[in-house]
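Note sheet for the following structure.
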Amino acid sequence: MKSCIYEGWVSHQRYTPVVHQFRYRLAMLYLDLSELDTVFRGRWLWSSKRPAVARFRRRDYLGSPESSLEQAVRQLVMEQAGQEPQGPIRLLTQPRYFGYGMNPVSFYYCFDAQDERVEWIVAEVTNTPWGESHCYLLDGDGRVDGRPDLEKAFHVSPFMPMDMQYRWKLSRPDGELSVAIENYREGEQVFDAALNLQRRAINGWNLSRVLLRFPFMTAQITGAIYFQALRLWWKGCPFHAHPRQTSETGLVSPQQSPVPADPESPNDSADVAPVETSSCIS
């Protein structure tokens, strides 16, 4: 099985116009999309098919929920890069906990046919409370068309303007996994964020460990978002309203509207669209 758990730290640091930093522990799933039907087989607290304490839900992600997520990723890469990934696709993401979904950024690692090299990385970003999503396509080195800098095209944090550039550094998922993003404005570094994670096998002990250590992961992150936003406001960080015109340029697409919870499934009572968190995107 190629799917696994990654556990470690997410950190943020702002350099200007105010200095601000924080760090939190977290756990994420790394799922081979060809293993979605079997990865949680026999784990009644985890599922990719039905409501559960921890659940991977197809319609929280790219494309139509009626189609395969794997095929949706392949189609997106084909449309934007002109070539379809030939190897497996693996997703770094947060599941829903107790029916509550919060997934600010998910990374799809598209491997070559030999399953040795990452050819493409799709970063699927969502925001809140606007319910929009946007996908950035990077090559295996975190570049776009051979360039290290990527123009910001999607509003995420109200404490970050749109006229910025991203610089990405992503490691190949292995025993350790790292993602680093630096934000620049007019050549000056404004912000950086990082994920530093270590691999753990998916087995009964480690899945139980995640639920014991992070039972309300998504809800805790929501609380952390607003706590950090309050700290930034208190420090006088400028507020940037949502540039509504981007919704009319094709850069972003609305998330699907939340569907009613299954009346027989209390764990889906908080069946809401994913929202922004302490991710690597601002």
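Assorted remarks:
For (1) under 19 Å from the mean Cα position of the chain (by Cα); (2) assigned to a strand (DSSP E or B); (3) surrounded by fewer than 21 Cβ atoms within 10 Å (Cβ to Cβ); (4) among the hydroxyl-bearing types (S, T, Y), each residue gets a yes or a no:
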site	(1), (2), (3), (4)
A52	no, no, no, no
P65	yes, no, yes, no
Q83	no, no, yes, no
Q86	no, no, yes, no
L92	yes, yes, no, no
C110	yes, yes, no, no
A113	no, no, yes, no
V122	yes, yes, no, no
L137	yes, yes, yes, no
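- Residue check, A153 surrounded by fewer than 18 Cβ atoms within 10 Å (Cβ to Cβ), farther than 30 Å from L45 by Cβ and within 15 Å of the chain's Cα centre (by Cα): no
- M1 satisfies every condition listed in (1) closer than 18 Å to R172 by Cα; (2) surrounded by fewer than 21 Cβ atoms within 10 Å (Cβ to Cβ); (3) modelled with pLDDT of 95 or more except (3).
- Filter pass, I202 being touching a Ser or Thr at 6+ places or on another chain (Cβ under 6 Å), surrounded by 13 or more Cβ atoms within 10 Å (Cβ to Cβ) and either at pLDDT 85 or above or of a type in the set (S, T, N, Q) (or both): yes
- When restricted to residues that are crowded, with 17+ Cβ neighbours inside 10 Å and either under 16 Å from R14 (Cβ atoms) or aromatic (F, W, Y) (or both), the range 166-188 contains 7.
This table checks each residue for (1) closer than 28 Å to N127 by Cβ; (2) of a type in the set (A, V, I, L, M).
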| position | (1), (2) |
| --- | --- |
| R200 | no, no |
| L207 | no, yes |
| A224 | yes, yes |
| A229 | yes, yes |
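- Among the residues of the range 13-47, those that are touching an Asp or Glu at 6+ places or on another chain (Cβ under 8 Å), under 20 Å from A219 (Cα atoms) and surrounded by 15 or more Cβ atoms within 10 Å (Cβ to Cβ) comprise L26, A27, M28.
The values are calculated or read from the model by the stated rules, or taken from the named source; none is laboratory data. Note that the structure is a prediction, hence the values are computed from the model and not measured. Ideal geometry is used to build each Cβ from the backbone, glycine not excepted, and the neighbour counts take in all protein chains shown.
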